[in-house]
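Let me begin by presenting the structure, written as structure tokens, before commenting on it.
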Amino acid sequence: MAGKDLDETTGGEVSGWAHVVQSINRLFSTPKNTRVFLREFGSDLPNLVDVPSNDAGILALFVAVATALEQWEPRFSLSSLSVSQAEPGKILLNLVGTYLPRGHHGDTTPEGGEQTLSVPISGL
């Protein structure tokens with residue numbers, strides 16, 4: 001995983017924490033088995049769009065988030081996760097964790113304090 005990429009909205013360069021945020025959003029929005037050369041990449045979140053917003057459904061969301069981050073985003077160490085309703089049919093996944101800028105090299109030295117990220121999920 002490179003530390004720099006193209007910003008998906010501006011076409012400019014993105015790096016650092018902003019790159020991690022973009023990567024997490026891409027990870028959560030990509031269903032597993034849809035990338036031709038990297039079938040394993042992605043998460044189960046897109047498959048949970050119609051899951052009920054009950055305890056079992058929320059638990060499935062938590063598992064999908066934690067599993068995807070553990071497997072694909074070594075630059076973010078998740079410490080807590082909560083769900084809030086943004087509006088009817090939409091929820092926010094509220095992630096709190098530590099930014100590890102060199103995590104993809106096996107270096108778990110954190111940078112800055114806790115980082116927070118809210119990811120909107122539609123269809124729930």
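The values are calculated or read from the model by the stated rules, or taken from the named source; none is laboratory data. Everything numeric in this text was worked out from a predicted model, so none of it was measured. FYI the Cβ positions are ideal-geometry reconstructions off the backbone, even for glycines, and counts take in every protein chain you see.
Summary of computed values
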| item | result |
| --- | --- |
| Residue in the range 18-34 that is small (Gly, Ala, Ser), at pLDDT below 90 and out of contact with any Lys or Arg (no Cβ under 9 Å at 6 or more places or on another chain) present | no |
| Residue selected from the range 27-39 under the condition within 15 Å of the chain's Cα centre (by Cα) and in a loop (DSSP other than H, G, I, E, B), by the criterion surrounded by the most Cβ atoms within 10 Å (Cβ to Cβ) | Thr30 |
| Subset of the range 109-124 (residues that are loosely packed, with under 13 Cβ neighbours inside 10 Å, assigned to a loop (DSSP other than H, G, I, E, B) and modelled with pLDDT of 95 or more) | Thr109 |
| Residue list for the range 36-54, restricted to those being of a type in the set (D, E, K, R), at pLDDT 90 or above and more than 19 Å from Arg75 (Cβ to Cβ) | Arg39, Asp44 |
| Lone qualifier among Pro74, Pro101 - being out of contact with any helix residue (DSSP H, G or I) (no Cβ under 6 Å at 6 or more places or on another chain) and either outside any loop (DSSP other than H, G, I, E, B) or surrounded by 16 or more Cβ atoms within 10 Å (Cβ to Cβ) (or both) | Pro101 |
| Close pairs from the range 79-92: first assigned to a strand (DSSP E or B), partner at pLDDT below 95 and surrounded by fewer than 11 Cβ atoms within 10 Å (Cβ to Cβ), Cβ under 6 Å, at least 6 apart | Lys90/Ser122; Leu92/Ser84 |
| Test for Ser79: is it hydroxyl-bearing (Ser, Thr, Tyr) and under 17 Å from Ser122 (Cβ atoms) | no |
| Where a residue in the range 29-45 is in contact (Cβ under 8 Å) with a residue 40 or more places away in the chain and its partner, wherever it lies, is of a type in the set (Phe, Trp, Tyr) and not in a loop (DSSP other than H, G, I, E, B), with Cβ under 9 Å and at least six apart | Leu45/Phe28 |
| Test for Leu95: is it in contact with a helix residue (DSSP H, G or I) (Cβ under 9 Å, 6 or more places away or on another chain) and modelled with pLDDT of 95 or more | yes |
| Of residues in the range 48-71 being of a type in the set (S, T, N, Q) and over 16 Å from the mean Cα position of the chain (by Cα), the one surrounded by the most Cβ atoms within 10 Å (Cβ to Cβ) | Ser53 |
| Leu69 closer than 16 Å to Ser23 by Cα and either in contact (Cβ under 8 Å) with a residue 12 or more places away in the chain or assigned to a helix (DSSP H, G or I) (or both) | yes |
